[in-house]
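Asks: Take a look at this one; I'll ask things after.
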Amino acid sequence: MLGEGILKGLAETARNFAGSFVSAERLTTVQYPEQRIAPIEATRDFPFLVYDGADWEAGMRCVACQICEKECPPQCIYIEKSKDKKPDFVGKPQFYPARFDIDISVCMSCQICVEVCPFEAIKMDTEFELSTEDRFGGLLFDRKELAKPNEHYHKIHPTEAAEVDARLAEEKAKADAKAKAAAEAAAAKAAAPAKTAAVGDAAAKPAEGASRA
Amino acid sequence: MREGWNRPPVMKPDGEGELLEVAMGPHHPSTHGVFRMDVALDGERVIRLKPVFGYLHRNHEKIAEGMSYLGSMPFTDRLDYLCPLTNNWAYALAVEKLTGQEVPERAEYLRVILGELTRVQNHASSIGFLIQEMGASGTPLMYAFKAREKILDLFEELTGARMMCNYMRFGGCRVDASAAWLDATRKVVAGLPGFVDEFERLLRTNEILMARTQGVGILRPELAVNAGVTGPMLRASGVNYDIRKVGGYGVYNRFKFRVPLGDHWDVYDRYMIRMLEMRESIKILEQALKDIPGGPVMDAKAKLRGFRPKPGEAYGRIESPKGELGFYLISDGGPNPYRYRVRPPSLINLTILEDMCLGQNVADVVLIFGSVDIILGEVDR
Amino acid sequence: MEEIKAAIEAAVPGAGVEIVVNPSVSGQHSLRLRPGDSVSGAVAVAKFLRDDPELALDFLSNVTGVDWPDKEIAEKVKVTRTVTKTVEGVEQAVEETVEETRKRVEPGCLEAVYHLFSVAKGHGPVVLRIKTENRTDQVELPSLTPVWRSAEFQEREIFDLYGIVFTGHPDLRRLLMWEGFKDHPMRRDYVEPDDFEYEPTAHDEVLKRAMAHQAKQKAAETVAGAADAGAGAEGTGVGA
């Protein structure tokens, strides 16, 4: 019969329409922004800088190595290295970014900066409602706007953050052990000043290497 | 700027009367983006059709040549933005051919799973768009997007983004899939046959669809092969050529699936081929999800920074949902490729657009164009 | 590879083919038609490759251009020459080996690369290359579009982006750039024009320039028909 196919299709539509009143499965949309779907853990939007502790300036993990600036495909990161150094999480003095700008309107959320960062300092945020009328004031983030505590990282990406913390703790333990060994060597050196000058040097060097790994 | 404003009118072949010249596009609702067809019409009949490209041109290839190998990976997402993962895959495959890196088995399986999920959602939305252009505004497309949404949620859960995934790396995949993700995928895949059935019930025997598409836009197999048409287009013309079968990439030789072929070579065949390919993809997905092995997902020797392939060249290609997506790379030993070329299936499938449209009605041009299934991000690069 | 080369040379008299070895692990070596023969013989070779029942390369997948600019090569050469020297009060001709650096310019060329597959037999790729005489005035290559239709848009794209002129192409126009555009952007010596509103990561002088540009545009909008819009941006681009 001509028109049978159309009727079949319409029956399908009717089934979905009626079904949407009784089955959540057929009701696929939500009313944003009043309703929101549950956040997905792996979601990434724009990068932020992780800091430990309470003070964002003191706890900033970034050491201004500028690898992310070089690797960033759309070239949206701008870093200026500091003149002086501050201690990092293992206590070793490191440079810090005197300036760290990310142009959010150029950033394409590719996560390559996170992947190439050897210091676990830059991670992806999940904040996406950033629209503003002010192109340069509102979308050019400086280091203060980018800095977010480690707790925030734990909140948005719990699994990933736990892994990162474990890795950093391991590194710190290693560095502490090295420092302890170095301190012991230094003590031994003090006890026998004539003999162990060379040992002290040798112990200090690997400690330096490990903290960068 | 365009030459030809003052051109004399195009006359009918018999010399009696003028032809009507129409620019369909660049903002025609049926062109999926910014694309123009300069059409010469005799009444409703198409006498000449010249596609005009370049509205979305950004010289992706030049950008990639000034960038590290890794840096181009997120840009490949933006070629065919409906299927980012197959673009990633093709690029990773080409680089792996260049360097000889081994991909761990689990990563190969993950690639197959993601590639086939991509194919399902691409074909579904492609059919949705085709029907939308035919006049059924919205309904079929929303059905397609309902299924697509579930697949995109899986992509987001694994790769972090719905469309700009940037997931594959040279020598594997960026992150491993958790058991929970695989379970969620199994659940979605279990629901896909139901979706395809529903989608088919909705449209397949629809008389309007049949009247509009059957016998329209015929593409003969000899011309299709000669014009380099690939993908569902080629198979709808009855040519048995699927790179998953003949190209031997990935682990496709371990799965049982069939290659559907068309025998009328028209728009309806292209629609049906996509339907059937979705079913075959679901079969592959079921098999891959059943026997996905454990192990690492990255080649242990793979380097992220300071990646410099040895001099040489390689052409890697995969069966993307649109057709043969190839990447041709020449390395001079430096950190960025000397030559980086994308073989865009969408562009090359348009070569025969004029041949298919000649003698058809204007309204059919929209359908024929829709059945090619192009994405302008890839056509113009 | 050698078999294909021999087959071509047997079938097409006068065709000169050399094998270009690809050092990478991909092992995709290519056949280059020698420049001298390319204009006359390329189409015949292509027809042979397509129609030969053994090869049956009926599917031309990928066509692309490659730019090889003129290369200045500095190499150290050992030169033996005769020098007149005064040895023990007597003038003598003495042979002396000197190392000197010589510079030579290796002329560049544009190259078209064709990747061929066989749908009928399922094999491939066979890579075919043809190069032009130089990069400036002798940039004609024979078009293979009459043999494989799939080259139509791709050769147009090469003409557009590289400037290779394909003789025998049915409709050789620019594909991606607009008509009237002058240069060929994919050439390696292409310089980007500095005439667009440039907005990379804005800081310091780039930010100042962008702000100035915006202010200028606003001023131009208010003052009717006064400002010259293109003069704002100067300096160099960061991208490229």
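Asks: What do you get for GluC sites (Glu not before Pro) in the range C:50-82 restricted to DSSP loop and a cutoff of at most 12 other Cβ within 10 Å of the site's Cβ? Working shown, then result.
Replies: Numbers: sites: C:GLU54, C:GLU72, C:GLU75; in loops: C:GLU54.
Those that pass, being in a loop and sparsely packed, are C:GLU54.
Asks: Enter the mean number of other protein chain beta carbons within 10 Å of the beta carbon of each residue in B:338-348, as an integer. Before the final figure, lay out each step's value.
Replies: On the way: counts 4, 9, 1, 10, 2, 7, 4, 1, 0, 5, 10.
Average per residue, whole number: 5.
Asks: Tabulate in residue order the Karplus-calculated ³J(HN,Hα) for the range A:135-152, using 6.51 cos²θ - 1.76 cosθ + 1.60 with θ = phi - 60°, rounded to whole Hz; enter x for Gly and Pro.
Replies: 4, 8, x, x, 10, 9, 8, 9, 5, 5, 5, 7, 6, 9, x, 4, 4, 4
Asks: Here's a follow-up. Residue by residue through the range C:175-186, what is 3J(HN,Hα) from phi via Karplus (6.51 cos²θ - 1.76 cosθ + 1.60, θ = phi - 60°)? Round to whole Hz and write x for glycine and proline.
Replies: Result, rounded to whole Hz: 9, 9, 7, 7, 5, x, 6, 8, 8, 10, x, 7.
Asks: May I pose another question? Inside 10 Å of the C-beta atoms of B:309-322, what's the mean count of C-beta atoms belonging to other chains? Walk me through the intermediate numbers first.
Replies: Working: counts 2, 3, 3, 8, 11, 6, 11, 2, 6, 0, 0, 0, 0, 0.
The mean count of partner-chain Cβ atoms within 10 Å per residue comes to 4.
Asks: Another one. Using the alpha-carbon centroid of each, what span in Å lies between the range B:255-281 and the range B:310-379?
Replies: When both Cα centres are located, 20 Å separates them.
Asks: Take the Cα gyration tensor of chain B, multiply each eigenvalue by 5, square-root it, and list the three semi-axes largest first, rounded to whole angstrom.
Replies: On the way: eigenvalues 267, 135, 57 Å².
Working from the Cα gyration tensor, I get semi-axes of 37, 26, 17 Å.
Asks: Which Cα, out of B:LEU152, B:ALA179, B:PRO84, lies furthest along the positive dipole direction of chain B (beta carbon charges, K/R +1, D/E -1)?
Replies: Of B:LEU152, B:ALA179, B:PRO84, it is B:ALA179.
Asks: Tell me which of B:GLY54, A:VAL116, C:LEU161 sits at the most positive position along the dipole axis of the protein assembly as shown, charges placed on C-beta atoms (Lys, Arg +1; Asp, Glu -1).
Replies: Toward the positive end, the furthest listed residue is A:VAL116.
Asks: Using a/c under 1.5 as the rounded threshold, could you call the range C:50-159 rounded, prolate or oblate? The axes a ≥ b ≥ c are square roots of the C-alpha gyration tensor eigenvalues, and prolate needs a/b larger than b/c, oblate otherwise. Please list the in-between numbers first.
Replies: On the way: a/c = 5.43, a/b = 3.15, b/c = 1.73.
Prolate is the answer for the range C:50-159, as a/c is 1.5 or above and a/b outweighs b/c.
Asks: Same structure, new question: Taking only Cα atoms and a 10 Å spring cutoff, compute GNM fluctuations for chain A and point out the largest among A:MET124, A:MET108, A:MET60.
Replies: A:MET108
Asks: Check cross-link reach from B:LYS322 to the aspartates and glutamates: straight Cα distance under 13 Å, and skip same-chain residues fewer than eight apart.
Replies: Those aspartates and glutamates meeting the cut-off are B:ASP80, B:GLU116, B:ASP242, B:GLU277, B:ASP373, B:GLU378.
Asks: Let me have the 222 nm mean residue ellipticity of the protein assembly as shown computed from DSSP H runs of 4+ only, each contributing -39500 (n - 2.57), with the sum over all residues rounded to the nearest 500. Before the final figure, lay out each step's value.
Replies: Details: 28 runs with 330 residues, N = 834.
Taking each H run of at least 4 residues, the total per residue is -12000 deg cm²/dmol.
Asks: Let me know the charge dipole size of the protein assembly as shown about its Cα centre in debye, to the nearest 20, where only the beta-carbon of Lys, Arg (+1) and Asp, Glu (-1) is charged.
Replies: Values: 104 positive and 125 negative charges, 371 e Å.
That gives the protein assembly as shown a dipole magnitude of about 1780 debye.
Asks: A further question on this structure: Of A:ALA161, A:ALA98, A:ALA190, which is the most mobile in a GNM of chain A whose springs link Cα atoms less than 10 angstrom apart?
Replies: Result: A:ALA190 has the largest fluctuation of those listed.
Asks: Within 14 Å, Cβ to Cβ, of B:MET24, how many net charges do the neighbouring residues add up to if Lys/Arg are +1 and Asp/Glu are -1? List each step's numbers first, then the result.
Replies: On the way: positive: B:ARG36, B:ARG48, B:LYS50; negative: B:GLU21, B:ASP38, B:GLU44, B:GLU133, B:GLU354, B:ASP364.
That sum, taken over residues with Cβ under 14 Å, equals -3.
Asks: Report, as an integer, the average count of C-beta atoms from other chains found within 10 Å of each Cβ along B:203-216. Before the final figure, lay out each step's value.
Replies: On the way: counts 5, 3, 6, 8, 8, 4, 3, 1, 0, 0, 0, 0, 0, 0.
Partner-chain Cβ atoms within 10 Å, mean over residues of B:203-216: 3.
Asks: In Å², and per residue, what accessible area does the range B:41-121 have when probed at 1.4 Å with the other protein chains present? It would help to have the intermediate numbers written out before the result.
Replies: Numbers: 1970 Å² over 81 residues.
I get 24 Å² per residue for the range B:41-121.
Asks: Let me ask you something else. Taking the Cα centre of the range A:1-146 as origin, work out the dipole magnitude from +1 charges on Lys and Arg Cβ and -1 charges on Asp and Glu Cβ, in debye rounded to 20.
Replies: Numbers: 17 positive and 25 negative charges, 55 e Å.
Here the range A:1-146 has a charge dipole of around 260 debye.
Asks: Checking an interface number: how much accessible area is buried between A and B, summed over both chains, with a 1.4 Å probe, in Å² rounded to 100?
Replies: Values: alone 13700 and 16000 Å², together 27220 Å².
That pair of chains buries around 2500 Å² in total.
Asks: In a solvent-free Debye calculation with one equal scatterer on each Cα, what is log10 I(q)/I(0) for chain A at q = 0.16, 0.17 Å⁻¹, listed in the order of the q values?
Replies: Values, matching the q order: -1.09, -1.18.
Asks: Only Lys, Arg, Asp and Glu count, each charged at its Cβ (+1, +1, -1, -1), so figure out the dipole size of the range B:60-380 about its Cα centre, rounded to 20 debye. Working shown, then result.
Replies: Working: 39 positive and 40 negative charges, 174 e Å.
I would put it at about 840 debye.
Asks: I've got another one for you. Considering the protein assembly as shown, what Rg and Dmax in Å follow from its alpha-carbon atoms?
Replies: 30.9, 121
Asks: Now a separate question. Can you classify the range B:58-126 as rounded, prolate or oblate using the Cα gyration tensor, where a ≥ b ≥ c are the square roots of its eigenvalues, rounded means a/c under 1.5, and otherwise it's prolate if a/b beats b/c and oblate if not?
Replies: Values: a/c = 3.12, a/b = 1.14, b/c = 2.75.
Oblate, since a/c reaches 1.5 and b/c is not below a/b.
Asks: GluC sites (Glu not before Pro) within the range A:87-143: which are DSSP loop residues with at most 13 other Cβ atoms inside 10 Å?
Replies: On the way: sites: A:GLU115, A:GLU120, A:GLU127, A:GLU129, A:GLU133; in loops: A:GLU120, A:GLU127, A:GLU129, A:GLU133.
The qualifying sites are A:GLU127, A:GLU129, A:GLU133.
Asks: Still on this structure, please answer the following. Compute the accessible area of each residue in the range B:59-93 twice, once for its chain alone and once with every protein chain present, using a 1.4 Å probe on heavy atoms, and list those whose area falls by at least 50 Å².
Replies: Relative to the lone chain, where solvent access is computed with a 1.4 Å probe, the range B:59-93 loses at least 50 Å² at B:LYS62.
Asks: Can you tell me which lysines have their Cα less than 20 Å from the Cα of A:LYS155? Leave out same-chain residues fewer than eight positions away.
Replies: A:LYS123, A:LYS144
Asks: Moving to a separate point now. Chains A and C: buried accessible surface, both sides, probe 1.4 Å, rounded to 100 Å²? Numbers along the way, then the final one.
Replies: On the way: alone 13700 and 15050 Å², together 27900 Å².
Approximately 800 Å² gets buried when A meets C.
Asks: When only DSSP loop residues count, what GluC sites (Glu not before Pro) in the range B:249-355 have their Cβ near at most 10 other Cβ atoms within 10 Å? Spell out each step's value before the answer.
Replies: Working: sites: B:GLU277, B:GLU280, B:GLU286, B:GLU313, B:GLU319, B:GLU324, B:GLU354; in loops: none.
Hits after loop and neighbour filter: nothing returned.
Asks: For chains B and C, what's the summed buried accessible area, probe 1.4 Å, to the nearest 100 square angstrom?
Replies: Working: alone 16000 and 15050 Å², together 27170 Å².
Its buried surface, counting both partners, is about 3900 Å².
Asks: OK, next. Mind checking which lysines have their Cα closer than 17 Å to the Cα of A:LYS172? Skip sequence neighbours fewer than 8 apart in that chain.
Replies: Here the lysines satisfying the reach criterion relative to A:LYS172 are A:LYS86, A:LYS92, A:LYS180, A:LYS205.
Asks: What does the C-alpha gyration tensor say about the overall shape of the range B:2-152? Classify as rounded when a/c is under 1.5, otherwise prolate if a/b is larger than b/c, or oblate. Could you put the intermediate results ahead of the total?
Replies: Numbers: a/c = 3.29, a/b = 1.73, b/c = 1.90.
Because a/c hits 1.5 or more and a/b fails to exceed b/c, the range B:2-152 counts as oblate.
Asks: At q = 0.10, 0.19 Å⁻¹, what log₁₀ I(q)/I(0) does the range A:82-200 have when each alpha carbon counts as one equal point scatterer in the Debye sum?
Replies: For the range A:82-200 at q = 0.10, 0.19 Å⁻¹, log10 I(q)/I(0) is -0.49, -1.17.
Asks: Roughly to the nearest percent, how much of the accessible area of the protein assembly as shown is carbon and sulfur, given a 1.4 Å probe?
Replies: Numbers: 20640 of 37540 Å².
Carbon with sulfur: 55 percent of the solvent-accessible area.
The values are calculated or read from the model by the stated rules, or taken from the named source; none is laboratory data. Please read these numbers as outputs of a predicted model, since none were measured by experiment. As a convention, Cβ positions derive from the backbone with ideal geometry for all residues, glycine included, and neighbour counts pool all protein chains shown. Areas reflect the complete protein model, heavy atoms only, side chains present, ligands, DNA and RNA absent. Shrake-Rupley method; radii C 1.70, N 1.55, O 1.52, S 1.80 Å.
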